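Undergrad: Please find one structure pasted underneath; my questions will follow.
The values are calculated or read from the model by the stated rules, or taken from the named source; none is laboratory data. The structure presented is a predicted model; accordingly, all values stated were derived computationally and were not measured. A quick note on method: Cβ atoms are made from the backbone with ideal geometry, for glycine too, and the neighbour counts reach across all protein chains shown. Accessible surface is based on the protein model in full, side chains and every heavy atom, while ligands, DNA and RNA are left aside. Shrake-Rupley method; radii C 1.70, N 1.55, O 1.52, S 1.80 Å.
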Amino acid sequence: MKTEFKDNIFTVYPEGRIDSANAEATEAEINKAREENPDGELILDLTALEYISSAGLRVILRLRKKEPSLKLINASSEVYDIFEMTGFTEMLPVEKAYRRLSVEGCEVIGQGANGKVYRLDPDTIIKVYLNPDSLPDIHRERELARRAFVLGIPTAIPYDVVKVDNGYGSVFELLNAKSFAKLLKADPDSIDSVVDMYVDLLKKIHSTLVKPEDMPDMKELAYAWAEYLRDYLPPEKADKLVSLVKAVPDDLHMLHGDYHIKNVMLQNGEVLLIDMDTLCHGHPVFELASMYNAYLGFAELDHGNVEAFLGIPYETATSIWKKSLSKYLGTTDSAKLAEVENKAMLIGYTRLMRRNIRRHALETEQGRKEIETYKNHIIDLLDKVDTLTF
């Protein structure tokens, strides 16, 4: 086997098979190499390892007792499956070897806080995560998607994890699926039918109960946003905002958390949900706040933002928001719609103001203008809103 010492890391490259016929000799060879290079972290690069038996696994166990920081990398799918089935992946770091893909020239069909979604070909999309150390996030999103699917939510299930440049991506099969944003761009007159499908899926999501340990609580996040603004709002306004969020009843119904027309697809007549890393549970006011931001809040001071984000004009985005809210609430009563919209706006602007401050917007003239706009909205809305529930 080959070895390498570089940047205070000693890497061993076992090849072929480790089984009962050669496990003892393999262990002796690794120990000898380690004695000659005692410094630094020990890593086994399993790129060339084709198979490992129980005898080989015992070699790994004994190595780990001597090397608590031992890490295994670049395991093939077959070898990784052996480590996973035997519980080794819960005992020490084991990294799978991921095939490489390029998204150069691919169409961007969605973008969120954590990554971009590209169409690789008519059948396949890939979500590329912005954080290069995103494997835990990918596995978390895959688990959230699996839980939603089991609960009856029609969602695209990721079937592969790949390397993209220096980061990672999750691959989904979506046969000729089109986002609702693309459907509207191709046929603006289809807005009513698109909104009908869009809200029907939203109601299905919101009618689905989850276990509290399975998904984050959106109320906790919103409460943190409100608390964050205490230093930026008049004390009595900050107190009321925090109290309003705190008074929202705990709710175990599912929320998507980033529900807009680029995260809903149509595939062969079936509506599918994508981008599942924001799944959570809570009162629907938090979902409506996120929707308001996607269609209106982000683009309030620059209407071009919504076209850049969703690919539709600001007027169309406004219409989607108004029609969706009316269908979701089952009313055309303007007073009722305004009442619920104010509640969603209050949470939405709270999130936007905190977001901009955390992104150092106070350091620029445009940023200060945006923050002041959101602050004025919050103060005005707090005079109108006495409960966030509906």
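Undergrad: Which residues, counting only those in the stretch 150-187, are farther than 18 Å from residue 124 by Cβ and of a type in the set (Phe, Trp, Tyr)?
TA: 180
Table: residues versus (1) assigned to a loop (DSSP other than H, G, I, E, B); (2) at pLDDT 95 or above; (3) open to solvent by 70 Å² or more (accessible area, probe 1.4 Å).
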| residue | (1), (2), (3) |
| --- | --- |
| 233 | yes, yes, no |
| 238 | no, yes, no |
| 250 | yes, yes, yes |
| 260 | yes, yes, no |
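Undergrad: Kindly indicate the residue of the stretch 1-44 that is within 27 Å of residue 81 (Cβ to Cβ) and part of a loop (DSSP other than H, G, I, E, B) and also least open to solvent (accessible area, probe 1.4 Å) among those meeting that condition.
TA: 14
Undergrad: Out of 117, 128, 162, I need the residue that is closer than 30 Å to residue 13 by Cα and either touching an Asp or Glu at 6+ places or on another chain (Cβ under 7 Å) or open to solvent by less than 10 Å² (accessible area, probe 1.4 Å) (or both). Which one?
TA: 162
Undergrad: Take the stretch 308-332 and flag every residue that is of a type in the set (S, T, N, Q) and either assigned to a loop (DSSP other than H, G, I, E, B) or open to solvent by less than 30 Å² (accessible area, probe 1.4 Å) (or both).
TA: Within the stretch 308-332, 324, 326, 331, 332 qualify.
Undergrad: Among what's in the stretch 70-116 and is assigned to a strand (DSSP E or B) and β-branched (Val, Ile, Thr), pick the residue that is modelled with the lowest pLDDT.
TA: 109
Undergrad: Quick one: residue 190 ticks every box in (1) part of a strand (DSSP E or B); (2) farther than 24 Å from residue 146 by Cα bar one, so which box is it?
TA: (1)
Undergrad: Given the criterion more than 25 Å from residue 100 (Cβ to Cβ) and open to solvent by less than 80 Å² (accessible area, probe 1.4 Å), identify the matching residue among 152, 169, 112.
TA: 152
Undergrad: Still on this structure, please answer the following. Do we find a residue being open to solvent by 60 Å² or more (accessible area, probe 1.4 Å), acidic (Asp, Glu) and either under 30 Å from residue 261 (Cβ atoms) or touching a Phe, Trp or Tyr at 6+ places or on another chain (Cβ under 6 Å) (or both) anywhere in the stretch 77-91?
TA: No, the stretch 77-91 has no match at all.
Undergrad: Output the number of residues of the stretch 204-231 satisfying the condition of being among the basic types (Lys, Arg), in contact with a Lys or Arg (Cβ under 9 Å, 6 or more places away or on another chain) and either surrounded by fewer than 17 Cβ atoms within 10 Å (Cβ to Cβ) or on the phi > 0 side of the Ramachandran plot (or both).
TA: The qualifying residues number 1.
Undergrad: Here is a check on your reading of the model: is residue 47 out of contact with any helix residue (DSSP H, G or I) (no Cβ under 7 Å at 6 or more places or on another chain), modelled with pLDDT under 95, surrounded by 11 or more Cβ atoms within 10 Å (Cβ to Cβ) and of a type in the set (Ser, Thr, Tyr)? Can you show your working first?
TA: Values: out of contact with any helix residue (DSSP H, G or I) (no Cβ under 7 Å at 6 or more places or on another chain): yes; modelled with pLDDT under 95: yes; surrounded by 11 or more Cβ atoms within 10 Å (Cβ to Cβ): yes; of a type in the set (Ser, Thr, Tyr): yes.
Judged against the criteria, residue 47 is a match.
Undergrad: Given the residues 120, 184, which is the only one that is out of contact with any strand residue (DSSP E or B) (no Cβ under 8 Å at 6 or more places or on another chain), closer than 30 Å to residue 313 by Cα and modelled with pLDDT of 90 or more? Can you show your working first?
TA: Details: 120 fails: out of contact with any strand residue (DSSP E or B) (no Cβ under 8 Å at 6 or more places or on another chain).
None of the others qualify; the one that does is 184.
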